[in-house]
1. Out of the residues in the range 28-52 meeting the condition of being without any contact (Cβ under 8 Å) to a residue 60 or more places away in the chain and small (Gly, Ala, Ser), tell me which one is farthest from Met8 (Cα to Cα).
2. Count, please, the residues in the range 35-68 that happen to be assigned to a loop (DSSP other than H, G, I, E, B), acidic (Asp, Glu) and over 21 Å from Asn114 (Cα atoms).
3. Which of the residues belonging to the range 65-122 are within 17 Å of Gly49 (Cβ to Cβ) and small (Gly, Ala, Ser)?
4. Of all residues in the range 6-34, which are touching a strand residue (DSSP E or B) at 6+ places or on another chain (Cβ under 7 Å), exposed (fewer than 10 other Cβ atoms within 10 Å of the Cβ) and part of a loop (DSSP other than H, G, I, E, B)?
5. Of the residues that make up the range 57-77, is at least one at pLDDT 95 or above, under 18 Å from Gly106 (Cβ atoms) and either among the polar types (S, T, N, Q) or surrounded by 10 or more Cβ atoms within 10 Å (Cβ to Cβ) (or both)?
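The values are calculated or read from the model by the stated rules, or taken from the named source; none is laboratory data. Bear in mind the structure is a predicted one, so any value in this text is a computation, not a measurement. FYI the Cβ positions are ideal-geometry reconstructions off the backbone, even for glycines, and counts take in every protein chain you see.
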Amino acid sequence: MTILGFEMEVKPREGSPYPQLIKTDKKKTYVVPYFADYVPKRTVPFPAGYLIPDAPEEVVRKLVQHGLLVERLTRPAALEVETFKMKEIKGADRLYQGHRTNQVRGEYVPAKLNFAVGTIFI
């Protein structure tokens, strides 16, 4: 792949192993490898959608803000669904970008559940 850019001037930084890169006005063409053929090690099917009972309006607004199609059930429905049964949750030992991440382990379990009018479907 060809990328048009500028030459960089490399200056050592005192007390740092990383140099300072300064853009010059001299144009340069860079040729870099293009990696577009990715092959997954494992795949899972996409769900038809997600059902969220009793979703607060601020959640619905945020989903719409992110461009998701949000619909509401207009009548009660008993549906065969797949739920996630959590077996373990473990917090990370260190912060990552100022937050503590969690690792969740569990399994997907089929179930027949009743959903009320107003349940949102994404």
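1. Ala48
2. Taking the range 35-68 as the starting set, the residues that turn out to be assigned to a loop (DSSP other than H, G, I, E, B) are 35-50, 53-56, 66-68.
Filter again for acidic (Asp, Glu), leaving 37, 54.
The next check asks that each one be over 21 Å from Asn114 (Cα atoms); those that pass are 37.
Summing the residues that are assigned to a loop (DSSP other than H, G, I, E, B), acidic (Asp, Glu) and over 21 Å from Asn114 (Cα atoms) in the range 35-68 gives 1.
3. Gly67, Ala77, Ala78, Ala111, Ala116, Gly118
4. The answer is Arg13, Val32.
5. no
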